[in-house]
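Notes to accompany the following structure.
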Amino acid sequence: MTTQDERQNKLIRPSHYITMDDIIREGNPTLRGVAERVALPLSNVDILLGEKMIQFLRNSQDPVMAEKLELRAGVGLAAPQLDISKRIIALLVPSEPKFDEEGNEIPSKEDYALNTVMYNARIISHSVEEAAIATGEGCLSVDREVPGYVVRHARVTIEYYDKNSEKKKIRLKGFHSMVPQHEIDHTDGIMFYDHIDPENPWKMREGMQIID
Ligand code: SB7
Ligand code: NI
């Protein structure tokens with residue numbers, strides 16, 4: 001038996017890299033629990049955990065590090081996936097690749113559309129319009145494919161605290177709004193497939209935006 005504090009202390013050790021072994025899978029009750037808000041101003045432990053979560057996402061997107069550590073690529077991670085029942089999420093979404101006149105991709109490493117740790121994030125308003133990613137979604141805590149449209153809000157306004165304990169508000173649309181919705185769901189015990197129509201997974205809904 002290990003306590004949350006023990007698991008957390010291991011994760012934040014300077015020599016530790018988060019790997020797939022630290023990520024719990026569906027069936028573990030922590031993924032179905034409602035996580036606790038973190039205290040403000042943030043503790044050093046919560047700040048370090050956020051940094052480790054971003055480091056994991058960066059490694060997972062780096063071909064060399066991902067192979068070495070056997071990581072699945074991810075654009076988001078929520079603390080409950082580490083069996084830490086706290087409202088901490090990390091988002092690392094690469095920018096759209098840019099192209100020159102000849103149509104060649106201009107390499108831009110370390111260029112992110114979203115690169116943030118959000119503490120106590122909550123959706124304070126959202127569009128009536130819905131959206132779903134064309135190919136569906138996956139999850140690092142789910143070792144199987146669950147096909148179907150994951151129906152979410154097309155646009156969201158999120159209020160959160162950043163790593164400096166400062167209150168922030170951000171408005172997001174498209175893919176950039178899907179990732180934090182997936183992660184905030186993890187802090188509420190909700191899995192992506194809860195938003196898939198069980199009768200007809202690829203059913204098109206009136207006015208739903210398809211993101212490709
Ligand atoms: C597709 C993938 C993600 C979010 C939204 C659309 C993140 C997948 C990785 N995670 O399991 C993070 O919780
Ligand atoms: Ni997930």
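The values are calculated or read from the model by the stated rules, or taken from the named source; none is laboratory data. For clarity, every value in this text was computed on a predicted model and none was experimentally measured. Using ideal geometry, Cβ is built from the backbone for each residue, glycine included, and neighbour counts are taken over all protein chains shown. Just the protein is used for accessible areas: all its heavy atoms, side chains included, with ligands, DNA and RNA removed. Shrake-Rupley method; radii C 1.70, N 1.55, O 1.52, S 1.80 Å.
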Considering only protein heavy atoms, what is the solvent-accessible area of Ile133 at a probe of 1.4 Å, reported in Å² to the nearest 10? 30 Å²
Which loop-located GluC sites (Glu not before Pro) does region 106-154 contain, where loop means any DSSP state but H, G, I, E or B and the Cβ has at most 14 other Cβ atoms within 10 Å? Glu110, Glu129, Glu145
Ordering His186, His176 by the accessible surface of their heavy atoms, 1.4 Å probe, largest first, yields His176, His186
Any chance you could list P(r) for region 16-109, counting all Cα-Cα pairs in 5 angstrom bins from zero, rounded to whole %? 3, 12, 19, 19, 17, 11, 8, 5, 3, 2, 0
Nearest-20 debye value, region 1-124 charge dipole, Cβ charges on Lys, Arg, Asp, Glu: 720 debye
Quantify, in whole percent, the carbon and sulfur part of the accessible surface of region 1-140 (1.4 Å probe; protein heavy atoms only). 51 percent
With +1 on each Lys and Arg Cβ and -1 on each Asp and Glu Cβ, and nothing else charged, work out how big the dipole of the chain is about its Cα centre, in Debye to the nearest 20. 780 debye
Could you work out the relative contact order of the chain, using alpha carbon pairs under 8 angstrom and six or more residues apart, expressed as a whole percent? 22 percent
Got a number for carbon plus sulfur as a percent of region 162-205's accessible area, 1.4 Å probe? 49 percent
Counting other C-beta atoms within 10 Å, and keeping those with at most 11, which DSSP coil GluC sites (Glu not before Pro) do you find in region 1-94? Glu70
Ranking Val34, Val179, Val128, Val146 from most to least accessible area with a 1.4 Å probe gives Val128, Val34, Val146, Val179
